[in-house]
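Comments concern the structure below.
The values are calculated or read from the model by the stated rules, or taken from the named source; none is laboratory data. Since the structure is predicted, the reported quantities are computational estimates derived from the model, not experimental observations. So basically every Cβ, Gly included, is an ideal-geometry build from the backbone, and we count neighbours across all protein chains shown. When the accessible area is computed, the model is the full protein with side chains, heavy atoms only, and any ligands, DNA or RNA have been set aside. Shrake-Rupley method; radii C 1.70, N 1.55, O 1.52, S 1.80 Å.
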Amino acid sequence: MALVGFLILFPLVAAIALFCIRNNQARNIVVIASAIIIAVASVILVVTNLGAGYTPFEFSSEAIDLLCSGISIAIVAVILGFSWKYKNIPAAVLAIIQLVMVLVLEFAFEVELEVPYGLYFDSLSLLMTFIIGVVGSGICVYAIGYMEDFQAHEPEGAKDRRPFFFGLMFLFLSAMFVIVFSNNMEWMFTGWEITTVCSFLLIGFTKTEEAIKNSFRQIIMNLAGGIGFVVALYCCAFMVGTFSFYDFLVIGCQKPALVALAVTALAFAGITKAAQMPFHTWLLGAMVAPTPTSALLHSSTMVKAGVFLLVKLAPIFMVCPVPSLMVIMVGAVTFLLCSFMAISQSNAKRVLAYSTIANLGLVTACAGVGSPEAVWAACFLILFHALAKSLLFLCVGTAEHHIGSRDIEDMDLLFDRMPRLARFMMVGIMGMFIAPFGMLIAKWGALVSFAQADQVALILILGFGSAATFMFWAKWLGKLAGIAGQPENVEVTVHKSEWASLLLMVVLLICGCVCLPLISAVSVEPYVVSVFGVFGQDISTDNLWLACICAAVVFVALFAGAGKTTSKQKKVPVYLAGVSRDDDNRSFQNSLSDSSEAVTRNWYLESVFGEKKIAPIGVLFNSLLMGAALVMVILGVGIM
């Protein structure tokens, strides 16, 4: 109980301090010390409770309920202030609607639903704790060096807003801990909305016209999801009779018709937070924010809050077909179409954004299936996506500051220009799509779960979507692996804080791949057993260990010789299979005796997989699907 409370409150205290600290050196010390403390506390909580089932803590307070209402008022005040400043009416209207609904529920109705066990954890919460506490803290440390370079590129005399940035980052960590530890759904909603407003402020951090536009797109879509969450609270108050999340899940499995509307509303909230189509555009727009924002909020934590909620609802989806079908199809369509659209992107951050949305779609589909095997796969998809994608976002941020571009086509010779960073980036990419690394094993588990559930359509979607995944990752990996020439090494100026965080992500990803069977045994399987009473792993442990050994061999081969000096290595000119004109520029004499430059460029198939062609299909289909599901639930059609 003490450690859970500490993880919620300490990042909040650190955030308040960072909002006030203006001295760079003092701020850096506070960030590093706070990150280490949060990471260590998270690891201690996880290690000392491995395999834990549902573990509630008797903690309830009317003062906290009132505080949550006060926070809701403060959040709406912030949104209204920015809406007035930038003349954005939809955001203001949605914020007011949400606030009125919250206050009416809290004060107008005599709803006295005490939740004696306000906090809890289980093995899934502990998995999320590790991601938030260790990966999230590592990203905050990375931001020290990144934001120093970011500030250096600001116009002379520009205000240093880093205190605001770091304060929001740690406030976000606190809110995420509130979400994963709260058994009281009103408290969970408060954490949910804090992450929404933090994301809004961080996306608009640069205050450019594009940043402001995208930040309001995010807040409008997530406010809509927040209203869905409040609708679920109304259903819990007047239909289910409890705000206890655990009791809600138990009642939902026993009486699915009773919770159908609440589950559909919560699923809608999770879908918006996880940036599933038609709400995917808010995450794409969020890529204008500084890279640590993308890594923390939109890769490893905030969007994970959405799929965390959906996975927690999985047992109800098994017995409640309408919301289950909605979640399955929304996730499957998002996975397939966003995988296709990623093929047409050359901007590395947009590739990562589409890949993020697609992978979250696969997690969403697994949650909708709701079987033990699907939940097992979903947990590993969440873990490996958080590790690999955080690493890749950080690598892209560092590369952009040192080669001046985030375009994949500008990453020629990166293996020579930034050899260590290129290796790290290759680890992240391989971890996302190549056998026998963790993400592919998780997809294997998803495939097995779809087959056992007789979901033929999902099997086909997974196959075609994974083929598209292979194409866009392979293009990027091939660009990194190309070595020709002797360009200047530009990674010598990378900040130590950036290297420390990058190394942490690499180590975590490698350990995750190599120790996958162990993670399954001590973390994922205990959660599946505690919820379903049966094991979810449907891949033999021997096969998992064999895959892990192969992964270890690949990692050793990739990093063999890394860091060795090249001063005594023989340098030879580039071989161009003809008459060279300029080796340094890779220029050769062509068949017409003219000069041509040897270049390699990827194929992006914009005319086939362009956003304008594919996105409207997913937006229309998923919008109609969710609307139909809501109507069916309200009318009580096909609930049982």
**OP:** Select from the stretch 280-306 the residues that are buried (at least 24 other Cβ atoms within 10 Å of the Cβ), farther than 16 Å from Thr206 by Cβ and among the hydroxyl-bearing types (Ser, Thr, Tyr) and list them in ascending order.
**Re:** Ser299, Ser300, Thr301
Original post:
Do the conditions hold for Phe415, that is, is it modelled with pLDDT under 90 and under 16 Å from Val363 (Cα atoms)?
Top reply: no
Subject >> Leu392 being at pLDDT 90 or above, open to solvent by 10 Å² or more (accessible area, probe 1.4 Å) and in contact with a Gly (Cβ under 6 Å, 6 or more places away or on another chain) >> reply: no
**OP:** Any residue in the stretch 608-622 that's within 15 Å of Phe279 (Cβ to Cβ) and in contact (Cβ under 8 Å) with a residue 24 or more places away in the chain: show its pairings with residues that are open to solvent by 40 Å² or more (accessible area, probe 1.4 Å) and not aliphatic (A, V, I, L, M) at Cβ separation under 7 Å, as long as the two are six or more apart or on different chains.
**Re:** none
**OP:** Could you please find all residues in the stretch 1-13 being in contact (Cβ under 8 Å) with a residue 60 or more places away in the chain and either out of contact with any helix residue (DSSP H, G or I) (no Cβ under 8 Å at 6 or more places or on another chain) or closer than 16 Å to Met147 by Cβ (or both)?
**Re:** Met1, Gly5
**OP:** Just give me the residues in the stretch 164-188 being open to solvent by 10 Å² or more (accessible area, probe 1.4 Å) and among the aromatic types (Phe, Trp, Tyr), in sequence order.
**Re:** Phe164, Trp187
Original post:
Tell me, which helices (runs of 4 or more DSSP H) lie completely within the stretch 17-112 with 1 or more residues that are closer than 30 Å to Glu498 by Cβ, in contact (Cβ under 8 Å) with a residue 60 or more places away in the chain and of a type outside the set (Lys, Arg)?
Top reply: 24-47
**OP:** Select from the stretch 53-90 the residues that are in contact with a helix residue (DSSP H, G or I) (Cβ under 9 Å, 6 or more places away or on another chain) and open to solvent by less than 40 Å² (accessible area, probe 1.4 Å) and list them in ascending order.
**Re:** Gly53, Phe57, Ser61, Asp65, Cys68, Ser69, Ser72, Ile75, Val76, Ile79, Ser83, Asn88
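Any residue that is touching a residue at least 40 places away in the same chain (Cβ under 8 Å) and in contact with an Asp or Glu (Cβ under 8 Å, 6 or more places away or on another chain) - is there at least one of those in the stretch 289-297?
yes
Condition test on Phe464, is it at pLDDT 90 or above, over 22 Å from the mean Cα position of the chain (by Cα) and in a helix (DSSP H, G or I)?
yes
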Original post:
So Leu261 clears everything in (1) touching a Phe, Trp or Tyr at 6+ places or on another chain (Cβ under 7 Å); (2) open to solvent by 10 Å² or more (accessible area, probe 1.4 Å) except one condition, right? Which one?
Top reply: (1)
Subject >> Which listed residue, of Ala237, Ala269, is farther than 16 Å from Asn183 by Cα and in contact (Cβ under 8 Å) with a residue 60 or more places away in the chain >> reply: Ala269
Original post:
Could you say whether any residue in the stretch 494-508 is open to solvent by less than 40 Å² (accessible area, probe 1.4 Å) and touching a Pro at 6+ places or on another chain (Cβ under 8 Å)?
Top reply: no
**OP:** Starting from the stretch 355-373, take each residue that is closer than 19 Å to Thr469 by Cβ and buried (at least 24 other Cβ atoms within 10 Å of the Cβ) and list its partners that are at pLDDT 95 or above and of a type in the set (Phe, Trp, Tyr), counting only C-beta distances under 7 angstrom and pairs at least six apart or across chains.
**Re:** Ala358/Phe335; Gly361/Phe335; Leu362/Phe335; Ala365/Phe335
Original post:
Got a number for residues in the stretch 438-485 being open to solvent by 10 Å² or more (accessible area, probe 1.4 Å) and farther than 28 Å from Tyr604 by Cα?
Top reply: 7
Original post:
Out of (1) more than 29 Å from Gly465 (Cβ to Cβ); (2) open to solvent by 10 Å² or more (accessible area, probe 1.4 Å), the odd one out for Ala232 is which?
Top reply: (2)
Original post:
Can you tell me how many residues in the stretch 395-416 are buried (at least 24 other Cβ atoms within 10 Å of the Cβ) and of a type in the set (Ser, Thr, Tyr)?
Top reply: 1
**OP:** Identify all residues within the stretch 250-277 that are within 18 Å of Phe229 (Cβ to Cβ) and not in a helix (DSSP H, G or I); write none if there are none.
**Re:** Ala274, Ala275, Gln276
